[in-house]
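The values are calculated or read from the model by the stated rules, or taken from the named source; none is laboratory data. On a predicted model such as this, the values are computed, not experimentally measured, just so you know. Cβ placement follows ideal geometry from the backbone for every residue including glycine, while neighbour counts extend to all protein chains displayed.
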Amino acid sequence: MKEATKKKKPVTSIGVCSDASISASGASFVYLITGLSLAVGFWVARNKFSVDLVSNPSLTLCLLWSIEFPIVIFVYSFFRRSPEKFSYFRALGRSIIGLFSGAFMNALGAIALGAPIGTQYLPKTIHWSFLMSVFTFVPATAVFGASWTDWHRVFASMKPSGNIEYMIFSPAYGAIIGGWFGAWPMPLDWERPWQEWPICVCYGAIGGYIAGQIVSLSVMFFLRKHNKNLKLA
Amino acid sequence: METRLNKKNWIALGFLLIHSVAILIFTRGFLLTRTELPFHSTCSDASLSPCLSSPVPNHDSNSDSGSGHFNQSQPKCWTKPVVDRVVIIVLDALRIDFVAPSAFFPEPKPWMDKLTILQKLASANDSSAKIFKAFADPPTTSLQRLKGLTTGGLPTFIDVGNSFGAPAIVEDNFINQLVRNGKRLVMMGDDTWTQLFPNQFQKSYPFPSFNVKDLDTVDNGCIEHLFPTLYEDDWDILIAHFLGVDHAGHIYGVDSIPMVNKLEQYNTVLEKVIDILESQAGPGGLHESTMLIVMGDHGQTLNGDHGGGTAEEVETTMFAMSTKKHTTSIPPEFDTASCKQNSAGKQICVSYIEQLDFAATLSALLGISFPFGSIGHVNPELYALGSSSWNLDNFELRNFGSQSAVKEWVENYVNVLCVNAWQVKRYIDVYSNSSVVGFSSDDMSRISDLYSAAEQNWSKSVKHLLMDSNGDEDSTKISALKEQIAAYLSFFSSLVELARSKWTEFNLNLMITGFAMLVISLILQSLAIFHGDKPYAVNSGLSTGAAFTLFIVLVRACSFLSNSYILEEGKVANFLLATTGLIKLRYSVMRKTMRKEAVIFLAMVSVLRVSIDIGLTKQAATSQFMSSSPSWMLGIAPDHPALTYAVEIAPILSVVILICVLYRVIAKTPNEGLWKYVSVCSMISYFLIALLWSSETNIFGLDGLLHVIGGRNRIPQTVYIIGLVQLFLLASARMFCAGNDKNWAIRTVALVSACSSPVILLSRKQGSMLALAYLLAGFCIMRMEGVERRTKSDGQNKFSKLNPLSVLQWTLLSICMFFASGHWCAFDGLRYGAAFVGFDEFVLIRQAVLLTIETFGFSIILSVFGLPLLIPIHSQTPQAHGEKRYQLFQMYMLYGVISATTVTATILCVTIHRRHLMVWGLFAPKFVFDVVGLILTDLLICLASAYYL
């Protein structure tokens, strides 16, 4: 059984590549939209609600993810797997489930790593994990749905194939690793307000997310082109 | 086979030796130790000295003049009292440039010349008020300094003989002497004083000192009580300790507005204090013969740090003033004042004093016996301030005969110094006889020569000069006396120099040597992992797991360079452990195996982190560097009946589960004779523990049980005895039944279970739950071993038998256990109560062993002995056995390398931060814990490799 799926995988992925592929410039457009919506989130938080991550993390995070989330699902649902079977709205619907389950997983991971538990941190943790879920789980659910083999290949085996899978894989891992590094300054005694949970972890995650986007873009631009040339030759 | 076995044991033993030597060398350079002596000085001691027992005869008739409390009928103690009352105002972290005029410094700064009242007094009346530049000995932390000031010694980090845990000073000290001599003490301000002297103060108004951000609570409390107390007559010594300047320095630095505000506030306070004193200073007044001392306990750097030995930190100041207007001017030989013109053109002088001399000088001024361990000498200038002309009536005489006043002063001073020198010599003799690390015989003989020379001169000639009041001419007499004083002073100075080199100076060469040895041993030990039996040896490049292990170990090692990470070390270890758990989870999902184990492991990590958080709040309650934040608290009231019920039940339940687990393990394994019986003994121990705990709660109605079996000590003692018997059986079985060692698992189970019962017993109720979590997490690590390898076949030749990641997880898990069981790397984190489980009376070695088992039980003892459990049980062929034996050796070496790396990092950090503010509060305890842990780890690795290999 295992062998069978393993053999099947390359076939399906190549097939998918051909029908729901996205060019590198398209990917950069997607990134631009998601990046802009993050910026809009920060702008709204600052100018409409006059809060920022430091002064009111929960509200800011809430704004960030609730602005980012619709944009991400609208964009990524266009690239869903086997569009003939699953409609666009179905992709939207399943990404809402993905948002909650992803938030749950992220929250559990954060708590295992040492995020403060306790009632006053609860809203912050919840909103933070929603934001992380938007970065990590939501694009994947929008594209893969419940297709476990795709999840497994991209996230566990780290063998994404095709631009769209790179677009899911690289920013998601970037956000997680960025968040992991972002936790480092928390115990230091600098007594800065941003050392509080989850502020610097958020900054780290956003930074890692953007870095992941840049990495995947450069992979697409340089490696892919290189590969194509090789193939043509 | 046998030879190789021996070789491996020798390797483990070799590393134990190298580490011990390296640590010993480093410690000799870093942790200076001093033995505290339990002796006390008494008034009657002075008759043993060669000095004059009665006051200098020609002034005998005047001895009742200045003193209300000392009259002729009361016997004089060591010296003649010259002041009645002393007001000591301690301004914490008072830099010399806060008090001394800015003319003494290259350029005026905003914080200078703020305490103008002190400068005004010192320049207006230089015979009754003086500014001193005071030299404090490192470590310049408040607690050590107060100890130094009051004992007159040089407190080191480890004063051996320190009372078990409590900071109260047990050595003889100035405060203690005051109480013994019937003086009444009042204290206000910093609560460190009441910690150091719990019972000595008649009245005390302590205020909490550890909230550094609070600039005003302590000071306002002081001010509130200070002024009314000054008008009262029910005290002899008043101590007011202000903390504002210290706190302002820590938070804002010296060059800041709050600092200047604080200094200005102090100026007004001091003005008022001096007004009150002077208004009462008339004959018969309350403060007729009062001395005011305004002093710092240490200095601070411009950033507000202190603790080390840089000039800024050790240079503090002392202002002394006597309410008596006519004080003696002293001979120029003893005057250390350097004078400058201040901006107003007035002459102002700053003299020099050592804080070491404070206790002796004040004792001499108040006429009490000197603290037994004081090595300071009576400072001539400060002594002269207090000792005005002995008789107030004949000050006209002084005006035209200053020569006679000088003579009078010198006669007194030489006698005081004589007692002083005798006392210091007595202390040094007793110290070098009773201390294990005393002084070298060369040094001692040099000191003795100096003393005996001075003493001979004294008994031969000077004593007669003094006795015979109408003898020689004044000038020859004075010069003889001055010679005698100089002889004493040279004795004092060479002695203090010796004591300083012994007690206060780091030996950087030794420290670097020790560190270098550790680094070399680290390299050797990493080589030892790969060296050895060629058939199984590995020399391929780094695998993913090995690279990741290296990364995590380095992250953890580097984290020790910052004090914040050391404070939250448990959290850091937990963070890294959870990271490895997440990596493993990813691999197990990828391989589609062991997913359940990975999730359970993460769940156990989460349980441990909650436990670590609880431990951290306990630590924060006592640590001066942490603020407590009970953020982890859930919304349940702590005294909810369901919760208390659960708290009582859960530990007993987990012991029962442990018994079941052990039973399952034993039942499953084939009959292995002795090993099995040893494990059965552990089950009995567990059962006894469960019985003990359930009889301690009143839920089960087993209260009467303790009476039946004869006291609550019976069960713990039985458990200890069972444990010892088990260990004895295991050791003898290992020695005599060599052929019977094929099955590792059962032997490991037997050893670990034998060790675990005392550990669980000592860790009290949380122990069993933690042991369960530990067991579960360890089981998951074992199951997940090797999931990150590419394929099964790949694993056969590359790193086939060594999985660094699971050893790393095991190490991190045991470190987490240390913190989760409520320990932290500080001496107040030790659970002294554990030393008395099963015993009521104190026997040092026994109680120390119990305390060690409690402290390192989970984190080192069980962890080292349980390491073989990580080897999965697959094949049982004889050939696989040899391979596994080699694998186990590698695992132990790797375990040793990981422990030694962290210790090396700690040592590097301690070397770098040896002048850091927190060196004595934080880095040094961490160093001690790590070093003890490493030696224990090495020792146990030796034992374990003798047992298993």
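I'd like the full set of residues that are at pLDDT 85 or above and either at negative phi or of a type in the set (S, T, N, Q) (or both), limited to the range B:146-164. Answer for the range B:146-164, where residues must be at pLDDT 85 or above and either at negative phi or of a type in the set (S, T, N, Q) (or both): B:146, B:147, B:148, B:149, B:150, B:151, B:153.
Taking the range A:158-197 as the range and being within 11 Å of chain B (Cβ to nearest Cβ), within 17 Å of the chain's Cα centre (by Cα) and in a loop (DSSP other than H, G, I, E, B) as the test, the residues that pass are A:158, A:159.
Residues in the range A:95-121 that are surrounded by fewer than 19 Cβ atoms within 10 Å (Cβ to Cβ) and either modelled with pLDDT of 90 or more or away from chain B (no Cβ under 12 Å) (or both): A:96, A:97, A:100, A:101, A:104, A:105, A:108. Listed by first and then second residue, the pairs linking a residue in the range B:921-945 that is of a type in the set (Lys, Arg) to a residue that is part of a helix (DSSP H, G or I), with Cβ atoms under 9 Å apart and 6 or more places separating them unless they lie on different chains, are B:926/B:566; B:926/B:569; B:926/B:906; B:926/B:909; B:926/B:910. The residues on offer are B:588, B:606, B:629, and the sole one that is of a type in the set (Gly, Ala, Ser), in a helix (DSSP H, G or I) and at pLDDT below 90 is B:588. Within the range B:445-472, being in a helix (DSSP H, G or I), among the small types (Gly, Ala, Ser) and modelled with pLDDT under 80 holds for one residue alone: B:461. Taken together, the residues in the range B:591-601 that are assigned to a helix (DSSP H, G or I) and more than 9 Å from chain A (Cβ to nearest Cβ) amount to 7.
In a helix (DSSP H, G or I), β-branched (Val, Ile, Thr), out of contact with any His (no Cβ under 8 Å at 6 or more places or on another chain) and surrounded by fewer than 20 Cβ atoms within 10 Å (Cβ to Cβ), is that true of residue A:206? The answer is no for residue A:206.
Selection of the range A:88-119 for residues being closer than 17 Å to residue B:578 by Cβ and not in a helix (DSSP H, G or I) yields A:114, A:115, A:116, A:117.
Taken over the range B:697-721, the criterion of being under 21 Å from residue B:841 (Cα atoms) and in a helix (DSSP H, G or I) is satisfied by B:706, B:707, B:709, B:714, B:715, B:716, B:717, B:718, B:719, B:720, B:721. Considering only the range A:143-152, I want to know if a residue exists there that is more than 14 Å from chain B (Cβ to nearest Cβ), crowded, with 20+ Cβ neighbours inside 10 Å and either assigned to a helix (DSSP H, G or I) or free of Cβ contacts under 8 Å to residues at least 40 places away in the same chain (or both). Within the range A:143-152, one or more residues are more than 14 Å from chain B (Cβ to nearest Cβ), crowded, with 20+ Cβ neighbours inside 10 Å and either assigned to a helix (DSSP H, G or I) or free of Cβ contacts under 8 Å to residues at least 40 places away in the same chain (or both).
Here residue B:610 fulfils each of the conditions (1) over 28 Å from the mean Cα position of the chain (by Cα); (2) farther than 19 Å from residue A:181 by Cβ; (3) buried (at least 21 other Cβ atoms within 10 Å of the Cβ); (4) facing another protein chain (nearest Cβ under 9 Å) apart from (3). Take residue B:886 and decide whether it is buried (at least 16 other Cβ atoms within 10 Å of the Cβ) and out of contact with any Asp or Glu (no Cβ under 8 Å at 6 or more places or on another chain). No.
The range B:272-345 holds strands (runs of 3 or more DSSP E) entirely within its bounds, and those carrying 1 or more residues that are charged (D, E, K, R) map to B:315-322, B:338-341.
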